[in-house]
Structure formats: C-alpha cells, structure tokens
Number of protein chains: 2
Amino acid sequence: MAMIVSGEQTPIARKISTHAVIRTVMANGPISRADIAKRTGLSKQTISEVVRDLEQDGWLKPTGRTDGRPGRTAITYELDAAAGLAVSIDLGGTKIAAAICDLLGNIVAELKVPTDRRGGIHLVEQFCRTISDLNALAGTSSDSLRLIVLGTPGVLDPATGHIHAAPNIPGVEAINLRQLLSETLDIPVIIENDVNLAAEGERWRGHGIDVDNFAFVALGTGTGMGIIANGALLRGARGAAGEISYLPIGGDPFDPGGFNLGTFETAVGSMAMTRRYVGFGGRQGATVADLFNAFECGELSAVAAIEETARLTALAIAAIGATLDPELVIMGGSIGARPELVEAIRRYLPRCTPDPPRIEISHFGNRAALIGGMGIAVDHMHDDLFGVDLGEP
Amino acid sequence: MAMIVSGEQTPIARKISTHAVIRTVMANGPISRADIAKRTGLSKQTISEVVRDLEQDGWLKPTGRTDGRPGRTAITYELDAAAGLAVSIDLGGTKIAAAICDLLGNIVAELKVPTDRRGGIHLVEQFCRTISDLNALAGTSSDSLRLIVLGTPGVLDPATGHIHAAPNIPGVEAINLRQLLSETLDIPVIIENDVNLAAEGERWRGHGIDVDNFAFVALGTGTGMGIIANGALLRGARGAAGEISYLPIGGDPFDPGGFNLGTFETAVGSMAMTRRYVGFGGRQGATVADLFNAFECGELSAVAAIEETARLTALAIAAIGATLDPELVIMGGSIGARPELVEAIRRYLPRCTPDPPRIEISHFGNRAALIGGMGIAVDHMHDDLFGVDLGEP
DNA sequence: CTCATTTGTCAAGGTAATGGACAAATCGTG
DNA sequence: CACGATTTGTCCATTACCTTGACAAATGAG
C-alpha cells in the first residue's frame, strides 16, 4: 500500500554505496580498497565495511596484492565470477545452442544439440536435459543458476512472453514456454526474440560496442531485424518491432497473397533466392549454398540473383535508415552474412539513400543470439543484485 | 578527478527524500504532509523537514486546508508554479509561435508573429523581442526564465545542435542558432526538430499520453516524423531518425533526381499533390486548399489525387510499422491532418499490412510543436531541480 | 636500518531518518 | 455543548551510516 522508498531491510544509503563499489570494481578490474575509496569519493572506512559485507556474502573475493610501488601492499578485490551463473539458450528450427556463463560473462560451458522435432512440451524436457549436461560439463550445480535467457524465433508478447508466430518450431504457440520452463526448474526465465538477442550480442561484445543506434538485419530462411535505439533494445508496442518481413518492398504489398510471409520476406528469403536463380536460368533444385558456389564460379544467373537480392536489401536498409537513422547495420543470417552479398549491398546503398549507414558482417555469426542471451543475463544479474531502485510515486 | 557520489553539499539521502517528496507532490496535486509521508513511506518528521526547506527555497507553497473529514485539518502544499518559467518557440517558415509556461506546464502567455524573412542573425533578434513581448504580456520578468526550447525544421546534430538542412528558413545553417540565442540571453537553450517536438507534445498532453511507442507523421509542404520509442524521443545517430522524406516509396529510389527532396516527399508533398491533381484533370494552378475543396464537391480528379496520396502514405506507415511496431500513428501537418485523407489511409492500411496501428489526427494541430517544447521544458526543469544523479564510475 | 609512502583500522563526531509519545485541531454524536 | 474518535504535526530519544583524523602496519628506496 504505502510506497517504500528506502529498501525493506538495507537502508538506501548503504545500497547506493554498495552499488558504487560494485560498479567501480567491475569497471576497474582487480582493485584495492584504498583505490575504490579514491574513485568513489567515499571514505576508506566505508569502503572497508561495504567490501567486508560483500566478501561475506560471496560477491567479492581477494585476488592478489599490489607491488612495485612504495608503501604498504594492498589487497586487491575482484567480483567473484562464480557467485552468479546463468544459462543462455538459442532455440532454432534445427539446432539448440546453449551455454552457461558467469557473472563476468565468461563462458563456462557451451554445447549444441539437434532440436527435438516433436516440439512443444518436449522442448522443455530437452532444455532441462541440456542444462544438466552443461552443469556436468562445467562442474557446476543447478542450484547456483540464477537465470535463464531463452531466445526463440517469432514475435513475443512483451508482457506475457507468449510466442505468437514461430513457423519453424511446432507446438510452441499453444503453450507458455517461458512459464513452463521457469516452473519446472524454479528459476526466472527471460524469453526474447532471437534476432533481438543477436543485436544484444553485438552490442555487448561485438561490432555494436559503444554504438547507441544500430540494427542487426538477419537474412536466411526468413528475415528479421533487432534494433538498438538510444542504447537499448527496441521491442515496439506488440513486440513486433523489426519485423521487416512485412516491409512493402520487393513486391506489391496490396497483393493479399503476400500476407502469409510478408512482402519483403517473399522477395528475399531463401525460397525467393533459389526461385530467382532458377528463373535467371540456374540449375533446377539448387540450394542457397549451390547458388553461392555458382556465384563463386562466376555463373551469370547466380550473380543476377544475388545482385537482385542485394538491391532489394539496400532498399530495405534505406527504409530502415529513413526511419531509425542507425549509425551501423550489422548483417547476419545464413544469407545476410555472406560477404559477396554484403559487398553488393554496400555498392547499391549510396545510390538509393543519402548518407548511408556503415554495413558490417556479424561479429559472432550464428552464435550472436547465444552471446546476446549471455549479455542480457549478465546485465540482469547485475541489476538484480546491485541495482538501485528509487521507487515511483 | 575523484568521483563524488554524495552531492557536493546536500547529502545523497536527503536529495533522494527531496526528490521523492517533489514527485509525490507533482503527481498528487495539493497534498498534506501526512499524506506525503504515507505515500512515500518516509516518516512525518522527515517530510516536515524537507517541506520546510523546499518552502524556504520557494519551490513549494501552502495552498489550502483539508476539510470535510474527521481529524485535525491539514495544510496542503503544492508546487509553486511560478518558481520556474520557460519559453517554447516554434520557428516555422512563415510564422513564429512562442509561449511562456510555468513549472506545472500552465501556459502563462502565448503569441504568434510572422517570421523575419531575412533569417539568420535577424531571427535571434526577433526571438529576443518576442520573449520580451511575452514577458510584458504575462507580467513576468526575464530573470525568472530558466530555459528556452526552440523547435526548428531540419536535421539537427544531437551533440552540437547545429542545423543541417532547413530549406524554408534562410541563413540558419551558417550560424549556431542555439549558441547565439543562449549567449545573448544568458539562458540555456535546447534546440529540437519541430516534428520531434510535435511528438513530444502529443506524448505530454495529447493522444500519446501513456503510449510508449508511437509516431507523429507530418505531411505538408515537406514530410517528417517524430518517434517516441520505449517512452522516449528517438533521434538516431545523426539526428535524422524519422526523416521519412527519404523512404524508398512512391517512386524509383535509384533515380538520382530524387536525392534532393527524397523519394517519398517527392511523391506526397504538397507540390506532388497539386501536380497529381492537375495530371488527373484538375484545374491548373490549384493550391492544396483548392484541391480539398474540390474533393468536398466530389470532383473526381481531386478524389483520385487524395486517394493516391493516401495509398502511398499507407505504404509508408506499413514500412514504419514493420520497423517500429508503434501502437499509434498520429497524423499532423497541413495535409496529413485532413480528415478526408486520414479516413482514406485508414481504409488502405489493413490491405497492405497485418495488424495495423491505430491512426489518429493530431490533438493539437499546428500547436503540437509549441506544446511539445513546453513539455520538454517542464521535464527538463524538473530534472534540473530535483533530479538524482548517482554518478558513473 | 631508516625514512617516506601507502594501506588499512580504530575511535569520535555529525547528519539524516525512524518510531513513539503527545499536543493540537476538527468532525460526529448524544 | 461536551466528549470521544480521528487525524495532523512536533518533540525527543535512538539508530544507522558516513566522515574525519589519528595511528598502526607494511613495504620500497637509499
């Protein structure tokens, strides 16, 4: 009923001090208490108290001593990485990638398994098995896991976490995957669109470091985009921000047939690409890999197919640029990350938009979403543990 | 050098309490000290002290007493609106609108003058004259002004405030309007794109209240869009977010001729509309107003011109929707706010995009940017006066 | 070994917030 | 009109946190 501004137990002032100490330690690596005092402006006394509490609770640990300078040697402290472990899972149509990471974002264990094609409830079981495999691999225990971040294809409701449309994975629209997994393992689960996670991955440790406005464009079987705007993930009102499948580019958007897949996806998805290749005179039944091989050999129909895809993608990036004004567009996905395609896009872009954004190929390739999940997990653990909430009247 | 976490003079704890009190008073109107205590969770004693300090500094003032309920009557306090005044200026190609508002966002004085066509430095002089006219009108003094928010057309550099392209106003690209005005009057000046301000206006007190994701689309002589994403203004990397003039819609984006105005603006600006009207057989030399009059009379060429503009705008909104997933699109500008056009857009939209956003006509019409400037000014004054900064190591 | 230098602890003092007691002021009711 | 119930606002003692200054501990340089 009444708003509580000071925390339930720990008073607000000590919370803020603790927060400042943690942030200083995280930003400056192994560091002595005296140094923390200088950087935070708090007194040595206070720092000693806060550090003692944090060490008792297992968050900080002494890691070494200073030397080489005059004066008494100082004990240096560091975040105890093992104090918080999290799992990141990237659920794909054919494969599941999963990893355990610690509080500092170090990868402790990582593995990949084929997706259980039965989908639905069987996926929950598979996740649990995979997590226990990861624990065995890393020598950790399920008890020390604090959080699971799950990346899936499809549009997610920002509020409930319900998956609206995931064409490649059967039986996930009927169940609440997030809730089921969370209740089974008794751990909080964050669910997020996989392309959004890929964008987060690039922001965390890829090309997007220190870039406040960029987009991750994925082209593969389907199309999608993750947006970082003002330094944060942009989900939109219904979680459908970045659903570029429906861009009115590459076809007639008023054609009711385009509603199933979306105009843009119909024009540049892998189906469209091979169809176009065949249309230009390429070999019947060719896959996208065949197409790029043919391009390598200089086959004209392959060149034409890729050029057209690049032209349409450049138009899409122009539309995105006119809306979001990103500094950078990162290309990913089995098609989008191909250097030949990206090179062609770079050629087309300045011809259809003034002041085009920089174009880069994903730094993490198909691991971007997995990495992004870890980034979110680490940020979330930090917020959870050390965040300061001022309340909202 | 050293990071100061606690404020220079006022300790952090008192700052937070003060902040909580201010927010509670702002949110709950006239309110007694006991009530503040209940809502914030702080003790009555603390509230009394904080309120006494705030009253001494002129921020709060007692406004009345409670009655009608059992128990001792309470003195109710309110923000002293006159403690902070700000100016909002909307610089247009033909007119300048300006207003003074107080800390609560009440409009104290408002006026409109024709823009000095000589532009450049003369605008600074005109702003100063207008502000002193406003002061005379409101009976206030220049000394109590804390902030000026200036809205202009064109793309602004988010860092420097430099105006990059403002076709309607001569001589503003060569000078730093923000800096000049700020130095002349010795008041901080915030400069912002006018369509962004219009979006802020709708967010503050228009259709965008409590809507975290929406876009304000302006169609008139030119085209533009202001974006509220995640509840905040989206400027993009170079301040060009929402520059929908360059959307690759309504023409061939690879046509080098489209670079001057942008493909979309070339297709739906007022020039394009009248040209299209004439092309469909309308009267030579007709203005946009004539066109809408003709539509009113059921003239087929006018109907066709408006239908085509609506069709293209629906496509643009589809593209914006695929990127941003707004809950709402607010239409503004001399053309965009026309009900006939909006009605047509509403008809076209479901045919080219699934799950289309709500479409509304601007709540403030051509005053939206002026109102938005006030909203920003009020928010900024609040942050300035009562914001809590935790520092950043 | 001695001195300068830096680290870390101890003790004392100050500020802000809490909680309880209590006076002040008002409404409702007999 | 008096009295109890109720709410407001102040006073006082106590607690929690942070700071200052003094001082012991530990180390490199000469």
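Figures for the structure shown
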quantity: Filter pass, A:Gly236 being assigned to a loop (DSSP other than H, G, I, E, B) and over 13 Å from the mean Cα position of the chain (by Cα); calculated: yes
quantity: Any chance B:Arg203 is facing another protein chain (nearest Cβ under 10 Å) and either buried (at least 19 other Cβ atoms within 10 Å of the Cβ) or in contact with a His (Cβ under 7 Å, 6 or more places away or on another chain) (or both); calculated: no
quantity: Subset of the stretch B:323-343 (residues that are within 20 Å of A:Pro248 (Cα to Cα), β-branched (Val, Ile, Thr) and part of a loop (DSSP other than H, G, I, E, B)); calculated: none
quantity: Pairs where the first residue, in the stretch A:47-74, is at positive phi and the second is part of a strand (DSSP E or B) and loosely packed, with under 12 Cβ neighbours inside 10 Å, C-beta under 9 Å, 6+ apart; calculated: none
quantity: Close pairs (6 angstrom Cβ cut-off, 6 or more residues apart or separate chains): within 14 Å of B:Arg146 (Cβ to Cβ) in the stretch B:365-387, at pLDDT 95 or above and among the charged types (D, E, K, R) anywhere; calculated: B:Ile376/B:Glu200
quantity: Condition broken by B:Ile330, with the remaining ones in (1) surrounded by fewer than 24 Cβ atoms within 10 Å (Cβ to Cβ); (2) within 14 Å of chain A (Cβ to nearest Cβ); (3) closer than 26 Å to B:Leu150 by Cβ satisfied; calculated: (1)
quantity: Hey, A:Arg283 assigned to a helix (DSSP H, G or I) and open to solvent by 40 Å² or more (accessible area, probe 1.4 Å) or not; calculated: no
quantity: Residue among A:Arg72, A:Arg52 that alone is open to solvent by 30 Å² or more (accessible area, probe 1.4 Å), outside any helix (DSSP H, G or I), near DNA strand C (Cβ under 8 Å from one of its atoms) and farther than 23 Å from A:Leu147 by Cβ; calculated: A:Arg72
quantity: Test result for A:Gly242, facing chain B (nearest Cβ under 9 Å), assigned to a loop (DSSP other than H, G, I, E, B) and among the small types (Gly, Ala, Ser); calculated: yes
quantity: Where a residue in the stretch B:16-38 is β-branched (Val, Ile, Thr) and its partner, wherever it lies, is in a strand (DSSP E or B) and open to solvent by 30 Å² or more (accessible area, probe 1.4 Å), with Cβ under 8 Å and at least six apart; calculated: B:Val25/B:Glu78; B:Ile31/B:Glu78
quantity: The stretch A:246-255: number of residues that are at the interface with chain B (Cβ under 8 Å from one of its Cβ atoms) and either surrounded by fewer than 22 Cβ atoms within 10 Å (Cβ to Cβ) or assigned to a loop (DSSP other than H, G, I, E, B) (or both); calculated: 5
quantity: Enumeration of residues in the stretch A:86-124 that are surrounded by fewer than 14 Cβ atoms within 10 Å (Cβ to Cβ) and among the charged types (D, E, K, R); calculated: A:Lys95, A:Arg117, A:Arg118
quantity: Conditions (1) at pLDDT below 95; (2) open to solvent by 10 Å² or more (accessible area, probe 1.4 Å); number of the one not met by B:Cys352; calculated: (2)
quantity: Pairs, first on the phi > 0 side of the Ramachandran plot and not assigned by TED's automatic domain parsing to the domain that holds A:Ile335 in the stretch A:280-299, second among the acidic types (Asp, Glu) and at pLDDT 95 or above, C-beta under 7 Å, six or more apart; calculated: none
quantity: Condition check for A:Asp80: modelled with pLDDT under 95, open to solvent by 20 Å² or more (accessible area, probe 1.4 Å) and over 30 Å from A:Val172 (Cα atoms); calculated: yes
quantity: Identity of the residue in the stretch B:30-49, more than 8 Å from DNA strand D (Cβ to nearest atom) and away from every other protein chain (no Cβ under 12 Å), that ends up most open to solvent (accessible area, probe 1.4 Å); calculated: B:Pro30
quantity: Residue that is nearest to the other protein chains (Cβ to nearest Cβ) [pool: residues in the stretch B:355-382 that are buried (at least 17 other Cβ atoms within 10 Å of the Cβ) and assigned to a loop (DSSP other than H, G, I, E, B)]; calculated: B:Pro357
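The values are calculated or read from the model by the stated rules, or taken from the named source; none is laboratory data. Being a predicted model, the structure only gives us computed values, none of them experimental. Reconstructed Cβ throughout: ideal geometry from the backbone, glycine too, with neighbour counts over all protein chains shown. All accessible areas refer to the heavy atoms of the entire protein, side chains included, with ligands and DNA or RNA removed. Shrake-Rupley method; radii C 1.70, N 1.55, O 1.52, S 1.80 Å.
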